[in-house]
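Here is the structure we will look at.
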Amino acid sequence: MRIEGSSILVTGGSSGLGAACVQKLTGQGASVIIADLAPPREDAFGEFGERAIFARTDVTSEADLRAAIAAGENRFGPLRGAIACAGILHAERVLGREGPASLEAFRRVIEVNLVGTFNTVRLAAEAMARSQPLEAGLCGVVVMTSSVAALEGQIGQAAYSASKGGVAALTLPLARELGQHGIRVVSIAPGVFETPMMQNAPDKVRQSLIEQTPFPHRLGRPEEFAALVGHVFENEMLNGCVLRLDAALRMGPK
Ligand SMILES: NC(=O)c1ccc[n+]([C@@H]2O[C@H](COP(=O)([O-])OP(=O)(O)OC[C@H]3O[C@@H](n4cnc5c(N)ncnc54)[C@H](O)[C@@H]3O)[C@@H](O)[C@H]2O)c1
């Protein structure tokens, strides 16, 4: 799909990986709906000009997402892409010093990372499916954000890994079904990227993750994630898969 001229929803677009996608896509001539709980940084709109709008959205809310999609359709025309980046990190041992892990926290992580992603995809797909197909029957592209923690969850990552494993597992059934509507679905499983989410992790944890990353021996840059998202949009054969973007990182137990 051509990025230029397309209207694309980016959840979590105010920060980190999502914000890098917004920057890349608007830079290539797409129009973007930033759907996030928090607004983008103050100078963002100077940079994006008329090509981005912010819709305050909780991805777990049907009403919020419908409103964000409708605002985008009114302003930019048919929705052609959705990138689900909204997510939260949570670390807690199952059996901690103060007793078993919080069930409420587990539910919250699943609710935002997995249910919120599914909510985004189902409503974006509905909007894409009602649009006039482009070349070769294509109606839209969906990119979801999983994590290497879906496969190599560390101690303390039970909730986060379960949520990201759910996103990975959603990919194929969504691609199989939505292909009938001309929609491709791909997930990206990032290793460790330099974003506010990771900046908030304790130094010891960041350092250990860098040490476990074979080459390049550093955290990923958000623009490297955005570059892969751009490629997913442009390469029609990418569908129904989970792409690792991790510099050969295979996380150990801690
Ligand atoms: N940074 C990494 O190393 C890394 C690695 C693997 C996967 N991921 C995943 O990538 C995605 C983006 O992470 P990031 O590092 O850019 O984090 P980030 O904290 O910088 O950005 C996440 C954004 O999501 C928004 N958000 C949180 N809850 C929301 C909700 N309920 N509704 C709408 N917006 C909400 C936040 O306001 C924030 O703007 C997340 O799903 C994360 O789990 C990140």
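Listed values, structure above:
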item: Every residue from region 78-104 that is open to solvent by 80 Å² or more (accessible area, probe 1.4 Å), away from the ligand (no atom under 16 Å from the Cβ) and in contact (Cβ under 8 Å) with a residue 60 or more places away in the chain; result: Arg93, Val94
item: Check on Arg107, under 22 Å from Pro202 (Cβ atoms), open to solvent by 90 Å² or more (accessible area, probe 1.4 Å), at pLDDT 95 or above and not in a strand (DSSP E or B); result: no
item: Residue in region 130-148 that is without any contact (Cβ under 8 Å) to a residue 12 or more places away in the chain and either under 20 Å from Lys24 (Cβ atoms) or within 15 Å of the ligand (Cβ to nearest atom) (or both) present; result: no
item: Filter result for Ala162 (over 13 Å from the mean Cα position of the chain (by Cα), part of a helix (DSSP H, G or I), within 26 Å of Glu104 (Cα to Cα) and within 11 Å of the ligand (Cβ to nearest atom)); result: no
item: Positions within region 172-224 being small (Gly, Ala, Ser) and either within 16 Å of the ligand (Cβ to nearest atom) or touching a strand residue (DSSP E or B) at 6+ places or on another chain (Cβ under 6 Å) (or both), in sequence order; result: Ala175, Ser187, Ala189, Gly191, Ala201, Ser208, Gly220
item: Residue match in region 60-77 (condition: assigned to a loop (DSSP other than H, G, I, E, B) and either within 11 Å of the ligand (Cβ to nearest atom) or basic (Lys, Arg) (or both)); result: yes
item: Selection within region 197-221 - open to solvent by less than 60 Å² (accessible area, probe 1.4 Å) and within 17 Å of the chain's Cα centre (by Cα); result: Met198, Gly220
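The values are calculated or read from the model by the stated rules, or taken from the named source; none is laboratory data. If you're wondering where the values come from, they're calculated on a predicted model, not measured in any experiment. Don't worry about glycine lacking a Cβ; one is built from the backbone with ideal geometry, like all the others, and counts go over all protein chains shown. These area figures cover heavy atoms from the full protein model, side chains too; ligands, DNA and RNA do not enter into them. Shrake-Rupley method; radii C 1.70, N 1.55, O 1.52, S 1.80 Å.
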